[in-house]
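S.K.: Let me begin by handing over the structure; questions about it come next.
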Amino acid sequence: MTTDALRLKLLGVGAMASPKYAPAGLLVLHAAGNVMLDGGPEAEPEPPLAAWLVTDLRGELIAQIRRLARAQGLEPAVQAYEANGLAIIPHPVAHTSHPTWGYLLSWRGRSAAWAPEFSEFPGWASGVDLMFADAAGWRRPIRFRGGVGGHGAVLETSERARRQGVRRLVLAHIGRPTIRALEAGEQLPYGEVGRERSDYML
């Protein structure tokens, strides 16, 4: 780890209505201003914030995120954020019938992907130093009713991340199938389970 590393704090790693975890959320701690990605109740940052970015403007938690963000004088948005060498850029992901996004973070020649929800591994995350990824399904994908998307399977995402050159994979949107698999002692082929309130350095 270098002394100029960027600190990323996982405030939550849970999928919607998780019985075990707070909602998936990442706090980017930066000298020019902290930036929140997603989160929600029990996964909310301390003020002040420079921006609150979200991956789904129609997601289940957006009303609660909006209230939390407005309490800090912000409006949650899908947009780019750039300041003092840090770039956080939205990129589309395949997830549901309306547009949804992930974010590519760039900092001093290093990169991280925040992609907590997708049905297909996002190609733009290939080769990143650190990836926070959807982990709702374990062995099989979760398909939404009507064939309008869903969540990928952790075992497939793990292998794809390894093949695509992701240097460190962290599960950050953990659903019930994955909770059951981990509690039963199943192992990841590649990657690790995200730890709430833990720091990850980029």
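No lab work stands behind these numbers, since they all come straight from the coordinates. No experiment lies behind these values; they were computed from the predicted model shown. Note that we place each Cβ from the backbone using ideal geometry, even for glycine, and neighbour counts take in every protein chain shown.
S.K.: Of all GluC sites (Glu not before Pro) in region 1-105, which ones are in loop regions per DSSP and have a Cβ with at most 14 other Cβ atoms within 10 Å? Intermediate values should be presented prior to the final figure.
M.R.: Numbers: sites: GLU42, GLU60, GLU82; in loops: GLU42, GLU60.
Answer in residue order: GLU42, GLU60.
S.K.: Given charges of +1 on the Cβ of Lys and Arg and -1 on the Cβ of Asp and Glu, with all other atoms neutral, how large is the dipole of region 5-152 about its Cα centre, in debye to the nearest 20? Kindly include the intermediate steps, with their values, before the conclusion.
M.R.: Numbers: 13 positive and 12 negative charges, 51 e Å.
For region 5-152, the charge dipole is close to 240 debye.
S.K.: Give the value in nm², to one decimal: projected area of the alpha carbon convex hull of region 8-91, averaged over all directions.
M.R.: On the way: hull surface 20.8 nm².
Result: a mean projected hull area of 5.2 nm².
S.K.: Given 0.36 nm per residue, what is the gain on full extension from ASP199 to LYS20 after removing their alpha carbon distance, in nm?
M.R.: Taking 0.36 nm per residue and subtracting the Cα distance, the gain is 62.5 nm.
S.K.: Per-residue counts of other Cβ atoms within 10 Å, averaged by peptide: what ranking do you get for 67-73, 161-167, highest first?
M.R.: The densest-packed peptide leads the list: 161-167, 67-73.
S.K.: Among GLY59, GLY146, GLY85, which one moves the most in a GNM of the chain with springs linking Cα atoms closer than 10 Å?
M.R.: GLY146
S.K.: Could you list HIS30, HIS173 in order of exposure, starting from the residue whose Cβ has the fewest other Cβ atoms within 10 Å?
M.R.: Ranked by crowding around the Cβ, least crowded first: HIS30, HIS173.
S.K.: What list of ³J(HN,Hα) couplings, whole Hz, do you get for region 49-63 from phi and the Karplus terms 6.51, -1.76, 1.60, once you set θ to phi - 60° and write x for glycine and proline?
M.R.: 10, 8, 6, 10, 9, 10, 9, 8, 6, 10, x, 4, 9, 5, 5
S.K.: Residues with amide H under 5 Å of HIS91's amide H, sequence separation 5 or more or different chain, H placed in the peptide plane at 1.01 Å from N; which?
M.R.: Under 5 Å from the amide H of HIS91 lie the amide H atoms of GLY102, TYR103, LEU104, each far enough along the sequence or on another chain.
S.K.: Nearest 5 percent is fine: what portion of the DSSP beta bridges confined to region 51-128 is antiparallel?
M.R.: If I count the DSSP bridges inside region 51-128, around 95 percent turn out antiparallel.
S.K.: Another one. Using the Karplus equation 6.51 cos²θ - 1.76 cosθ + 1.60 (θ = phi - 60°), what ³J(HN,Hα) coupling, rounded to whole Hz, does each residue of region 97-102 give in order, writing x for Gly and Pro?
M.R.: So the Karplus estimates, Gly and Pro as x, are 6, 10, x, 9, 9, x Hz.
S.K.: Would you please give the residues with an amide H less than 5 Å from that of TYR200, counting only those at least 5 places away or on a separate chain, with H modeled from the backbone geometry?
M.R.: LEU8, LYS9, LEU10
S.K.: Given H placed on each backbone N at 1.01 Å, which residues far from SER119 in sequence or on other chains put an amide H within less than 5 Å of it?
M.R.: ALA94, HIS95, GLY150, GLY152
S.K.: Taking only the Cα atoms of the chain, how large is their convex hull per residue, in Å³?
M.R.: 110
S.K.: Alpha carbon centre of region 29-52 versus region 61-102: separation in Å?
M.R.: Measuring centre to centre over Cα atoms gives 11 Å.
S.K.: Mind ranking 109-118, 92-101, 176-185, 9-18 by how tightly packed they are, going by the mean number of other C-beta atoms within 10 angstrom, highest first?
M.R.: Taking the mean over residues of other Cβ atoms within 10 Å, the ranking is 109-118, 9-18, 92-101, 176-185.
S.K.: At 222 nm, what value in deg cm²/dmol follows for the chain if DSSP H runs of at least 4 each add -39500 (n - 2.57) and the sum is divided by all its residues, to the nearest 500?
M.R.: So the calculated ellipticity at 222 nm is -4000 deg cm²/dmol.
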